[in-house]
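S.K.: Can you read through this structure? Questions will come right after.
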Amino acid sequence: MPSIKYYFSDGLDDDDEVDDVVVAASAAYYCIRRNRGANPPWCRLSWSAHVKKLQRESQFHRMYRMSYRSFQKLLTMLKPYLQVNEKQGSCHNRGMGYVSPELVLHCLLHYLAGGSHHDIRLIGGVAKSTFLRASIGV
């Protein structure tokens, strides 16, 4: 393998100078911002449409292991802890609106029932960081 001096033969004879050039070139290479690509657009779950569909199909109790009335009662008890600032929540979610307490409870119940956060957050249409912060408090 040719030595580094071969590649930098423009008068740099001192090993320290060659090392400085290599370090500077490496630093420049790693400082270049990598384009990770655009994040895919999220399609947030419409809670009202979701509930209507489940009730029309008589599946709400089966999906949440409680009646809609019980879900609403639980939501009423937990809402003060699940509520977020709507304005700040909208800013952090690229204009999709904030994550409603109903959606947070939806994610939390499915997670506590043994669901994978990967599946739950995709169905709910929330980012991984939002799911972890809102549902399991990480």
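Read the figures in this text as sums done on the coordinates, not as results from a lab. Just so it is clear, the structure is predicted and the values come from calculations on it, not from any experiment. Every residue, glycine as well, gets a Cβ built from its backbone with ideal geometry; the counts of neighbours run over all protein chains shown.
S.K.: Tally Lys and Arg at +1 and Asp and Glu at -1 over the other residues with C-beta under 15 Å from the C-beta of Phe131: what net charge comes out? Don't skip to the answer; put the middle values down first.
M.R.: Details: positive: Arg44, Arg121, Lys128, Arg133; negative: Glu102, Asp119.
Neighbour charge sum, excluding Phe131 itself: +2.
S.K.: For Leu45, list long-range residues whose amide hydrogen, built 1.01 Å from N in the peptide plane, is under 5 Å from its own amide hydrogen.
M.R.: The list, which skips near neighbours in sequence, is Gly125.
S.K.: Applying the Karplus parametrisation 6.51 cos²θ - 1.76 cosθ + 1.60 with θ = phi - 60° to the phi angles of region 118-127, what ³J(HN,Hα) value in whole Hz is obtained for each residue in order, glycine and proline being reported as x?
M.R.: Once rounded to whole Hz, the list reads 5, 5, 5, 5, 5, 5, x, x, 10, 6.
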